[in-house]
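So the structure is just underneath, and the comments pick up after that.
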Amino acid sequence: MGFLSPVIAGFGVVFQPQNLLYCLLGVTLGMLVGVLPGLGPAATIAILLPVTYNIEPTSAIIMLAGIFYGAQYGGTITSVLLRLPGEASSVVTAIDGYEMTKQGRGGAALGISAIGSFIGGTVAIVVVTFVAPLVAGFALDFGPAEYTMLALLGILMVTTLGTGSAGKSLLMATVGLLLATIGQDPLIGTPRLAFGSDQLLDGIDFVIIAMGVFGVGEILYNLESLRDKPPGPVTVGSVYPSRQDLRDSRGAIGRGSVVGFLLGILPGGGATMSSMVAYAVERKAAKKPETFGKGAIQAVAGPETANNAAATSSFIPLLSLGIPANATMAVMFGALLLQGISPGPMLVKENPELFWGVVNSMYIGNLLLLAMSLPLIGIFVRILRIRPAILAPVTVLITMIGVYTVRMNVFDMFLVVGLGLLGYLMKKVGFEPGPLVLAFVLGEILEAAFRRSMRTFDGQLTGFLTQPIAAALLGAIVLLVGWSLVRAARAPNLARKPEAEPLESSRS
Amino acid sequence: MTSEASYARRQNIIATAIPLAIGVVAAILSWRLGVGDLADPGPGLWPLVVSVAMVVIAAVLVVRSRPTGGEERFGRGAVIVVVAAGSLIGYALLFERVGFEIPTVALLVLWLKVLGRESWRMTAAVSLGVSVALYLLFITGLGVSLPHIVAF
């Protein structure tokens, strides 16, 4: 059982008291973030990056991962009870979940979501356990040519498959790439686009970008609705679904697990897209599709299972290839770098305690979340009543002080406010901040890999075609670009709106 | 065309013209850095590739400026954002000069009372509580040496 021994050793890491504590802290924070509309998981993780700097790496990543998948559970609560999705990945849940609340079955919707999320998450962890080391083993032979294509594909998929306008996302990706070039040339050390500033010569730290665009940007954006009254008290009812409910959603949970897992691995996929696809799948599979939109429990169970499975499986590209698949994973990438760990195919071998500690901690995290979502649900429903006016200054101060602690540098504070304003303006004009942050991270990988491959290919761009894997990835890029162009040409006058646009406030 | 749509369209044109201009400047600066050739790239080659891509995409978007559905009007809420951002700049200016305590309390009072219109009692309680909590978190808990004036 040579393969399983590091996996089992990983449980030893998880059951260290401090790691259990950080896991609990992470998932609790995740639930809170999910429940409170406004800050999404990416922003929260970004804000907490400097705080985790002083924590031991494995514990830090266990906690941050907990925030991410915990938010998938929490986001459901506001979606179902108030029709206000706390997270973008719970937008489709609001459609039928809120109908169920109106029919007095809100509790059952929450209960089935929690059970579905738990099953989806757990199934995904088991599969990750077997698939991630395989992918990593396969990727060990990857050279700069493969990484060039992989990074390029990642950026393009996030811009074309993500929410919002593809053109705008693409533009933001180039802004992210350009920001990544500020500082010194990675190979020769010549200062570039630093405008003679000593502060910019070191380049802009990823933490600053993430905290500015995600953290401060979202806080500023939410300030516009600062004076809104919190929602009134809501009654939940029993959260334990009936046998009939369970029987009705069995298929949906199964399908949701598969859809979520598969889409989570894809760059640009992730939790939001998988929940939307799962909704569509359920609608197709339903015996009575006319009940959809009128409180069908499958329409809640499927997407909620899928977003959690996807949240878990999106760790595969990060931990086994070193390529973050979505914006939240990009922030997680930053967290690993901050700890001096470079994620990639070597991680499983070189850092088994970290790898298996983080993966296995998700079992515990999901169990904790199940407990929080069923018996303890009342506490989190009450948290809905915290006013944004109190929350905003607290989060902004944690961000400002946190940013200072990264390099003990006031310049970074100005930078983060500037980037925050940029993030705010982007949101106002319909630009997603995700592609910018992801492209910033991938930019450094992409440039170094591209230049190294150009050296090996002696300046011949056709060199990429001589490497089978790189050529296959290039083929995928060509297909993706072609497909997007066709889609854009077919619908010239249709403003591409996400399906659930009228729901508003999927601010994550 | 409705006024809402033409407003969004104007927004889009401005929002894409700015990256267009930045892209042009960045392209010129990268060119000056020395591009080299593909076999032996100079420091400017990669930034040049990126800024050219940026210029092309921005140019396409300036022309195709129809609303994409995500645009929002700048209203009264924007004033709050400007005040808030200004207060953060002020916070950063004072942070190292007078330590973190006074600016922290001041920022909390401004955001709670002026921006959030909370009651004085709530403002006082939250300001003090949060300042103490931040002190405990960063200075006592994480052992970070923030500039501070209160010492135990």
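The values are calculated or read from the model by the stated rules, or taken from the named source; none is laboratory data. Since we're looking at a predicted model, the values are computed, not measured. Positions of Cβ are generated from backbone atoms using ideal geometry, with glycine treated the same way; all protein chains shown enter the neighbour counts.
Residues in region B:1-21 that are surrounded by fewer than 17 Cβ atoms within 10 Å (Cβ to Cβ) and of a type in the set (A, V, I, L, M, F, W, C): B:1, B:5, B:13, B:14, B:17, B:18, B:21. Of the helices (runs of 4 or more DSSP H) contained entirely in region A:211-293, those carrying at least 2 residues that are in contact with a helix residue (DSSP H, G or I) (Cβ under 7 Å, 6 or more places away or on another chain) and over 27 Å from residue A:120 (Cα atoms) fall at A:217-223. Number of residues in region A:65-96 that are surrounded by fewer than 24 Cβ atoms within 10 Å (Cβ to Cβ) and not in a helix (DSSP H, G or I): the value is 2. If you go through region B:19-72 one residue at a time, how many are in contact (Cβ under 8 Å) with a residue 40 or more places away in the chain and either in contact with a Phe, Trp or Tyr (Cβ under 6 Å, 6 or more places away or on another chain) or among the polar types (S, T, N, Q) (or both)? Residues that pass the stated criteria total 2.
Note on region A:146-203: residues that are modelled with pLDDT of 85 or more and of a type in the set (S, T, N, Q) total 4. Just to be sure, is residue B:61 farther than 30 Å from residue A:445 by Cβ and touching a Leu at 6+ places or on another chain (Cβ under 7 Å)? No, not satisfied.
Of all residues in region A:310-353, those satisfying the criterion of being assigned to a helix (DSSP H, G or I), among the small types (Gly, Ala, Ser) and over 12 Å from the mean Cα position of the chain (by Cα) are A:320, A:334, A:335. Quick check on residue A:213: is it within 30 Å of residue B:117 (Cα to Cα), more than 13 Å from every other protein chain (Cβ to nearest Cβ) and among the β-branched types (Val, Ile, Thr)? Criteria met by residue A:213.
Being under 22 Å from residue A:155 (Cα atoms), in a helix (DSSP H, G or I) and at pLDDT 85 or above, is that true of even one residue in region A:294-307? Yes: region A:294-307 contains one or more residues that are under 22 Å from residue A:155 (Cα atoms), in a helix (DSSP H, G or I) and at pLDDT 85 or above.
Exactly one of (1) modelled with pLDDT of 85 or more; (2) away from chain B (no Cβ under 12 Å) is unmet by residue A:424. Its number? With respect to (1) modelled with pLDDT of 85 or more; (2) away from chain B (no Cβ under 12 Å), residue A:424 is out only on (2). When region B:108-149 is filtered for residues that are free of Cβ contacts under 8 Å to residues at least 12 places away in the same chain, within 22 Å of the chain's Cα centre (by Cα) and in a helix (DSSP H, G or I), nothing remains.
When residue B:75 is tested against (1) more than 27 Å from residue A:215 (Cβ to Cβ); (2) of a type outside the set (Phe, Trp, Tyr); (3) more than 7 Å from every other protein chain (Cβ to nearest Cβ), only condition (1) is not met. Filter region A:375-412 for residues that are more than 14 Å from every other protein chain (Cβ to nearest Cβ) and buried (at least 17 other Cβ atoms within 10 Å of the Cβ); which is nearest to residue A:107 (Cα to Cα)? Restricting to residues being more than 14 Å from every other protein chain (Cβ to nearest Cβ) and buried (at least 17 other Cβ atoms within 10 Å of the Cβ), the top hit is A:377.
For region A:417-446, which residues satisfy the criterion of being farther than 19 Å from residue A:333 by Cβ and part of a helix (DSSP H, G or I)? Correct list: A:417, A:418, A:420, A:421, A:422, A:424, A:425, A:426, A:427, A:428.
Kindly establish whether residue A:43 is touching a residue at least 12 places away in the same chain (Cβ under 8 Å) and surrounded by fewer than 20 Cβ atoms within 10 Å (Cβ to Cβ). Against the criterion (touching a residue at least 12 places away in the same chain (Cβ under 8 Å) and surrounded by fewer than 20 Cβ atoms within 10 Å (Cβ to Cβ)), residue A:43 does not qualify.
In this structure, residue B:105 does satisfy being more than 9 Å from chain A (Cβ to nearest Cβ), within 26 Å of the chain's Cα centre (by Cα) and outside any loop (DSSP other than H, G, I, E, B).
Among the residues of region A:328-369, the ones that are surrounded by fewer than 24 Cβ atoms within 10 Å (Cβ to Cβ), of a type in the set (A, V, I, L, M) and closer than 16 Å to residue A:52 by Cβ come to 3 in all. Residues satisfying the criterion are absent from region A:138-150 (criterion: crowded, with 21+ Cβ neighbours inside 10 Å, touching an Asp or Glu at 6+ places or on another chain (Cβ under 9 Å) and of a type in the set (Gly, Ala, Ser)).
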